[in-house]
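Step one of this worksheet: look at the structure below.
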Amino acid sequence: MAYIYEGKTTNEAIEKGLKELKVSKNQVEVKVLESEDKRSFFSILDPRVVKVELILKDKSEIKEEKSIINKSNKKIPTDESLNLSKNDLDIFLKKFLTNLPGNKFTYEIKIENKDILVNMDGEDRGYLIGYRGDVLNSLQQILNNIANKNTEEKIRVLLNIGGYKERREKDLQNLADKIAGTVIKTKKSITLEPMTSYERKIIHSKLQENLKVFTHSIGEEPNRRLVVSLKK
């Protein structure tokens, strides 16, 4: 839900909204609708009014943000741990891909910004991606478990197969625009099919730019859905 509050300054308007809604700042998204900087010469003597829009986040988004904060507080992986995990992944992938039908897959493992990136490709990559990435997501979880089995540090593995993630992100952004257009035209909310938190975040981030709609999630994993509604 979205709410609009006024104040003499941006901070005053935000604090007023937080107090009335009885929430903390990390539980809302803030959009400044009218800034104190946007004042013409002719309105200089008028009372200063700043408008802000507070959008309540759903519980899953707050939980995900807390999870990110908690992860950021964990010990940063050392080069030694990253290389050890990279070696474990290399051993696993060699055996795993050798046993796949056709044996025509290639892979590359590299360390970048304290993450391990795994890129795979092959003629029959479709069955390693699965329906809307479900197999890819499961395989990524397996790789993360392998990378973290011999270290106390938190190491993140990001898997991409044949450039699927880039294509999926673009498709979801296009879907977000179409859904927003339909919601604005019909003035009715639309509930999307179940998606992963990664996919919901892509649509949510895309529609943050839209001043006429807002998003929230309903249901429990793995059947959690995103709802796109018209702002009041």
(request) Go through the range 15-33 and give me each residue that's of a type in the set (D, E, K, R), more than 11 Å from Lys51 (Cα to Cα) and in a strand (DSSP E or B). (result) Glu29
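In the range 119-132, what residues are at pLDDT 90 or above and either in a strand (DSSP E or B) or surrounded by 16 or more Cβ atoms within 10 Å (Cβ to Cβ) (or both)?
Correct list: Asn119, Met120, Asp121, Leu128, Ile129.
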(request) Identify the single condition in (1) surrounded by 11 or more Cβ atoms within 10 Å (Cβ to Cβ); (2) part of a helix (DSSP H, G or I); (3) within 24 Å of the chain's Cα centre (by Cα) that Leu97 does not satisfy, given that it satisfies every other one. (result) (3)
(request) Scan (1) of a type in the set (D, E, K, R); (2) at pLDDT 80 or above; (3) surrounded by 13 or more Cβ atoms within 10 Å (Cβ to Cβ) for the single condition Glu108 breaks and write down its number. (result) (3)
(request) Run down Ile155, Ile202 and say which single residue is hydrophobic (A, V, I, L, M, F, W, C), buried (at least 17 other Cβ atoms within 10 Å of the Cβ) and within 30 Å of Ser81 (Cα to Cα). (result) Ile155
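Residue by residue, here is whether (1) touching a residue at least 40 places away in the same chain (Cβ under 8 Å); (2) under 18 Å from Glu166 (Cβ atoms) holds:
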| residue | (1), (2) |
| --- | --- |
| Leu84 | yes, no |
| Thr98 | no, no |
| Tyr107 | no, yes |
| Lys110 | no, yes |
| Glu123 | no, no |
| Gly126 | no, yes |
| Gln140 | no, yes |
| Asn144 | no, no |
| Ala147 | yes, no |
(message) It is to be established whether one or more residues within the range 45-58 are out of contact with any strand residue (DSSP E or B) (no Cβ under 8 Å at 6 or more places or on another chain), assigned to a helix (DSSP H, G or I) and modelled with pLDDT of 55 or more.
(response) no
(request) Could you please find all residues in the range 65-79 being over 13 Å from Asn148 (Cα atoms) and at pLDDT 90 or above? (result) Asp79
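The values are calculated or read from the model by the stated rules, or taken from the named source; none is laboratory data. Since the structure is predicted, the reported quantities are computational estimates derived from the model, not experimental observations. When we count neighbours, we look across all protein chains shown, and the Cβ atoms used for this are built from the backbone with ideal geometry, even at glycine.
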